[in-house]
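Inspection log for the structure reproduced underneath, given as structure tokens.
The values are calculated or read from the model by the stated rules, or taken from the named source; none is laboratory data. Quick caveat: nothing in here was measured; it's all calculated off a predicted structure. Every residue, glycine as well, gets a Cβ built from its backbone with ideal geometry; the counts of neighbours run over all protein chains shown. Surface accessibility is based on the protein's heavy atoms, side chains included, excluding ligands, DNA and RNA. Shrake-Rupley method; radii C 1.70, N 1.55, O 1.52, S 1.80 Å.
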Amino acid sequence: MEHNIKAGTKGGPGLLLKNGHIIDPFSNTEVDGSVLVRDGKIQEVGNPESIPEGCLVIDLQGKWIVPGLIDMHVHLREPGEEYKETIESGTRAAAAGGFTAVACMPNTNPVNDSSDTTRFILDRARDAGFARVYPVASITKGLGGDELTEFGDLLENGAVAFSDDGLPVRDAGVMRLALDYARNFNALIISHSEEPELVAGGVMNEGAVSTQLGLKGIPAAAEHIAIFRDTAIAELTGSRLHIAHVSTAGGVEIIRNAKRRGVKITAETAPHYFSLTEEAVIGYNTFAKMNPPLRTEEDRLAIIQGLRDGTLDAIATDHAPHSVLEKECEFALAMNGITGLETSLALSLELVRQAHISPMDMVRLMSTNPASILGVNGGTLKVGEVADITVIDPDFKWVVTENGFISKSHNSPFIGKEMQGRAEFVIVGGKIVQAAK
Amino acid sequence: MNRLRSRHVLGISHLEPDEITYILDSAEALKGILDRPIKKVPPLRGRTVVHLFFEPSTRTKLSFELAAKRLSADTVGITASASSVVKGETLIDTARNIEAMKPDVIVMRHPMSGAPHIMSRYVDAAVINAGDGTNEHPSQALLDLMTVRQHLGRLDGLNITIIGDILHSRVAHSDILAFTKMGSRVTVCGPATMLPPDISALGARVIYCVKEAIRDADVIIALRIQKERQGRSLIPSSREYATFFGINRQTLEYANPDALIMHPGPINRGVEMSPDVADCDHSVILDQVTNGVAVRMALLSVLLAEPERADQKNIVDESTGGEHGA
Ligand SMILES: [Zn+2]
Ligand SMILES: [Zn+2]
């Protein structure tokens with residue numbers, strides 16, 4: 001089917017998504033109906049009485065219409081490591097995975113610690129024309145851990161948050177300065193929380209499996225200590241803090257308690273932490289190597305509980321593409337991270353199928369909450385909002401294959417796994433950037 | 001049984017008890033060759049064994065080389081440094097290069113756990129793990145089993161106590177798996193900074209006091225200690241180690257009087273073990289070395305044996321007219 005992909009953009013005849021199942025956590029509505037998009041905005045939701053002339057009509061036959069999914073934690077690798085991913089390939093992969101927007105981490109080369117680099121990323125993303133990109137700038141210059149970047153200038157040039165992700169902010173005093181200074185701009189600090197002296201060269205979760213494999217472990221306590229430290233500093237400063245990639249039961253509990261006390265924190269986890277355990281490493285599978293590492297079944301269940309009860313606010317992939325060379329090697333030498341953009345939706349739908357969360361919960365975790373945490377457009381299907389929309393076919397069955405990835409890299413522990421559910425259409429600002437074949 | 005289920009010997013964790021017994025029986029049969037004036041038999045003539053060592057090793061390499069030569073295999077030794085991803089040749093490239101030379105067996109030692117497992121996926125040759133990181137050292141565990149079986153006549157129902165740096169010892173790892181699989185009970189003891197997390201997952205129990213740990217032990221295995229790891233001292237001093245974890249006459253009073261004393265070598269005399277204990281009647285440390293060659297001969301012949309002549313008896317019979325090891 002050939003579509004006028006620009007029908008819903010400015011000056012176009014309009015785009016009607018008909019016979020869908022509309023889910024909007026922002027207004028807490030879930031109804032069958034249609035969504036009319038015009039001039040890049042959502043013009044009508046429900047059952048439009050009159051359809052504009054020449055409007056592109058797509059009959060969705062009950063598929064879900066949800067606010068565009070937002071992945072608030074990805075690594076796009078550009079500038080500097082274009083052999084792993086580019087902004088173009090990464091945003092294409094994002095669209096293929098159902099995302100209308102991604103927030104990209106600053107551990108590139110050069111590090112995104114200046115407005116020049118931030119603007120470069122935004123320019124590239126605009127040229128690519130797939131998912132929107134929200135750059136996260138670094139907290140410290142060059143990720144060096146000591147001197148703060150120019151928060152004000154970076155925010156004015158398009159950065160949406162600050163993080164030294166890839167590394168923890170080692171010095172608690174620097175973390176305090178960052179959280180203090182962030183208050184001037186109501187800026188968001190995203191913390192990669194781990195205590196490096198306890199990680200100390202570890203390559204997988206510490207426990208029975210690391211002992212079986214003779215691999216150096218990373219104890220869950222390394223995450224507990226750092227999350228506790230960072231929430232304590234956020235409590236002290238009263239600033240907004242977001243904890244990246246929570247992987248442990250203890251981490252969930254610490255965040256739950258901090259929220260109860262009124263600390264302004266939010267947190268995310270990644271699909272691999274609720275889909276896999278440390279057992280995936282057996283056989284020295286480097287595709288299951290990541291940081292924080294895959295944990296135990298008890299942790300996995302606690303992560304799911306955290307998503308259910310709202311302790312964890314978002315599902316973000318920590319999409320970390322690596323080339324074959326960086327994964328086909330000794331386990332200890334392999335780089336950390338997995339590609340996540342193209343498997344996230346199906347893995348999250350698995351939680352829905354297993355009745356851990358409702359479809360509404362899933363959309364909240366993957367769209368509405370990330371938009372509100374980052375303070376960006378989207379996350380809702382409200383009339384007048386920008387038309388960032390994902391159409392989901394929750395039943396479509398497919399198999400993850402090495403060659404099936406749109407991303408430049410295929411370092412996924414899910415290769416060979418049967419999946420259910422995918423994005424049928426992805427619409428960014430009224431433009432159809434992805435239509436499933 | 002006349003062959004192993006796997007093409008490779010990557011670890012005790014991949015071997016079943018019947019396979020272990022089969023290897024030990026083969027080693028016993030082959031051991032006789034080592035006592036002959038002409039210590040060479042032909043079964044592996046025309047076969048090539050590559051010894052690929054990414055880590056310095058004198059004893060294990062020598063033992064494997066002798067084993068291959070006794071069986072008339074051609075041997076090539078390659079000493080490489082563990083390359084990193086960014087510079088030098090990767091492990092996979094090394095694997096492909098060696099494979100292109102069509103070896104039959106690659107005996108491999110590597111400082112990183114799992115490296116032989118990765119190698120085995122890229123080569124047609126059989127891979128024998130000669131020690132990988134802190135993971136396994138299966139031939140050492142097999143020679144330990146062989147030594148204990150020779151002296152005590154069985155491998156089930158024994159109390160085995162392993163003392164020392166269990167966390168960083170691939171020998172301990174393989175020994176725990178091996179003795180447990182054969183029906184013995186393994187106790188480990190050492191400074192808690194040198195004990196792995198969740199060791200019960202391997203089937204061993206921890207006793208913190210050395211005197212208690214060796215009570216009723218039929219076999220005491222002491223391991224070599226390395227005080228520092230990654231810039232941190234895991235024990236306050238060698239002196240303190242010797243006092244609380246070293247094996248000496250006084251500690252041995254708590255053990256079964258017939259307990260065997262073992263050590264994978266090289267020994268830090270006066271630290272892990274007092275000199276008189278290392279050289280006492282119950283010490284079987286040198287038997288371990290001899291059996292090491294026999295076990296490695298068995299591994300090579302078991303992996304390379306043609307199906308129709310897999311029975312080790314035939315190999316020995318051909319050359320000696322039926323003389324078997326005890
Ligand atoms: Zn991180
Ligand atoms: Zn990350």
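A few comments on the model shown:
- Residue match in region A:221-235 (condition: open to solvent by 20 Å² or more (accessible area, probe 1.4 Å), more than 25 Å from residue A:106 (Cβ to Cβ), within 14 Å of another protein chain (Cβ to nearest Cβ) and of a type outside the set (Asp, Glu)): yes
- Listed by first and then second residue, the pairs linking a residue in region A:113-133 that is open to solvent by 70 Å² or more (accessible area, probe 1.4 Å) to a residue that is in a loop (DSSP other than H, G, I, E, B), with Cβ atoms under 7 Å apart and 6 or more places separating them unless they lie on different chains, are A:119/A:157; A:119/A:158; A:124/A:78.
- Region B:255-309, subset under 13 Å from the mean Cα position of the chain (by Cα) and part of a loop (DSSP other than H, G, I, E, B), residue farthest from residue B:151 (Cα to Cα): B:265
- Set A:80, A:90: member being in a loop (DSSP other than H, G, I, E, B), closer than 28 Å to residue A:402 by Cβ and either away from ligand 1 (no atom under 16 Å from the Cβ) or among the polar types (S, T, N, Q) (or both): A:80
- Of everything listed in (1) open to solvent by 30 Å² or more (accessible area, probe 1.4 Å); (2) within 14 Å of chain B (Cβ to nearest Cβ), the single unmet condition for residue A:293 is (1).
Residues checked against (1) within 16 Å of ligand 1 (Cβ to nearest atom); (2) within 24 Å of residue A:322 (Cβ to Cβ); (3) of a type in the set (Asp, Glu):
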site: A:131; (1), (2), (3): no, yes, no
site: A:144; (1), (2), (3): no, yes, no
site: A:147; (1), (2), (3): no, no, yes
site: A:160; (1), (2), (3): no, no, no
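- Residue, nearest to the other protein chains (Cβ to nearest Cβ), within region A:239-263, restricted to residues that are within 16 Å of ligand 1 (Cβ to nearest atom) and among the small types (Gly, Ala, Ser): A:247
Let's see how each residue does on (1) away from chain B (no Cβ under 14 Å); (2) in contact with an Asp or Glu (Cβ under 6 Å, 6 or more places away or on another chain):
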| position | (1), (2) |
| --- | --- |
| A:317 | yes, yes |
| A:336 | no, no |
| A:346 | yes, no |
| A:352 | yes, no |
| A:365 | yes, no |
| A:379 | yes, no |
| A:385 | yes, no |
| A:406 | yes, no |
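- When we screen B:173, B:168, B:117 for residues that are outside any helix (DSSP H, G or I) and either in contact with a strand residue (DSSP E or B) (Cβ under 7 Å, 6 or more places away or on another chain) or over 22 Å from residue B:262 (Cβ atoms) (or both), the only hit is B:168.
- Counted residues, region B:238-254 - those being closer than 14 Å to residue B:161 by Cα and either assigned to a loop (DSSP other than H, G, I, E, B) or not assigned by TED's automatic domain parsing to the domain that holds residue B:228 (or both): 2
- Sole residue being surrounded by fewer than 24 Cβ atoms within 10 Å (Cβ to Cβ) and within 13 Å of chain A (Cβ to nearest Cβ), chosen from B:151, B:168: B:168
- Listed conditions (1) within 13 Å of chain A (Cβ to nearest Cβ); (2) crowded, with 24+ Cβ neighbours inside 10 Å; (3) within 15 Å of residue B:303 (Cβ to Cβ) are all met by residue B:120, apart from (2).
- Residues within region A:238-260 that are open to solvent by less than 10 Å² (accessible area, probe 1.4 Å) and in a helix (DSSP H, G or I), tallied: 4
- Residue count for region A:165-197 under the criterion of being among the charged types (D, E, K, R), without any contact (Cβ under 8 Å) to a residue 40 or more places away in the chain and within 16 Å of ligand 1 (Cβ to nearest atom): the result is 2.
- Yes/no for residue A:154 being closer than 26 Å to residue A:243 by Cβ and open to solvent by 10 Å² or more (accessible area, probe 1.4 Å): no
- Of all residues in region B:1-52 being assigned to a loop (DSSP other than H, G, I, E, B) and of a type in the set (A, V, I, L, M, F, W, C), the one that is nearest to residue B:171 (Cα to Cα): B:10
- Tally, over region A:266-302, of residues that are within 25 Å of residue A:196 (Cβ to Cβ) and away from ligand 1 (no atom under 16 Å from the Cβ): 15
- Unique match (being in contact with a helix residue (DSSP H, G or I) (Cβ under 7 Å, 6 or more places away or on another chain) and small (Gly, Ala, Ser)) among A:93, A:131, A:101: A:131
- Of the residues making up region A:63-122, those that are more than 16 Å from ligand 2 (Cβ to nearest atom) and under 13 Å from the mean Cα position of the chain (by Cα) are A:68, A:69, A:91, A:95, A:97, A:98, A:100, A:101.
- Residue in region A:315-333 that is nearest to the chain's Cα centre (by Cα), counting only those that are buried (at least 24 other Cβ atoms within 10 Å of the Cβ) and away from ligand 1 (no atom under 16 Å from the Cβ): A:331
Yes/no per residue for (1) under 30 Å from residue A:214 (Cβ atoms); (2) away from ligand 2 (no atom under 16 Å from the Cβ); (3) not in a helix (DSSP H, G or I):
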| site | (1), (2), (3) |
| --- | --- |
| A:272 | yes, no, no |
| A:279 | yes, yes, no |
| A:290 | yes, no, yes |
| A:295 | yes, yes, yes |
| A:308 | no, yes, no |
| A:336 | yes, no, yes |
| A:342 | no, yes, yes |
| A:349 | no, yes, no |
| A:357 | no, yes, yes |
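- Of all residues in region A:209-221, none satisfies the criterion of being within 16 Å of ligand 2 (Cβ to nearest atom) and farther than 19 Å from residue A:297 by Cβ.
- Filter pass, residue B:145 being more than 14 Å from every other protein chain (Cβ to nearest Cβ), assigned to a helix (DSSP H, G or I) and in contact with a helix residue (DSSP H, G or I) (Cβ under 8 Å, 6 or more places away or on another chain): yes
- Within region A:236-266, the set of residues being within 16 Å of ligand 2 (Cβ to nearest atom), of a type in the set (Gly, Ala, Ser) and either touching a Phe, Trp or Tyr at 6+ places or on another chain (Cβ under 6 Å) or closer than 18 Å to residue A:372 by Cα (or both) comprises A:244, A:247.
- Total residues in region B:124-140 satisfying the condition of being outside any strand (DSSP E or B) and away from every other protein chain (no Cβ under 13 Å): the figure is 4.
- None of A:426, A:383 is in contact with a strand residue (DSSP E or B) (Cβ under 6 Å, 6 or more places away or on another chain) and not in a loop (DSSP other than H, G, I, E, B) except A:426.
- Residues that are within 11 Å of chain A (Cβ to nearest Cβ) and among the β-branched types (Val, Ile, Thr), drawn from region B:192-211: B:199
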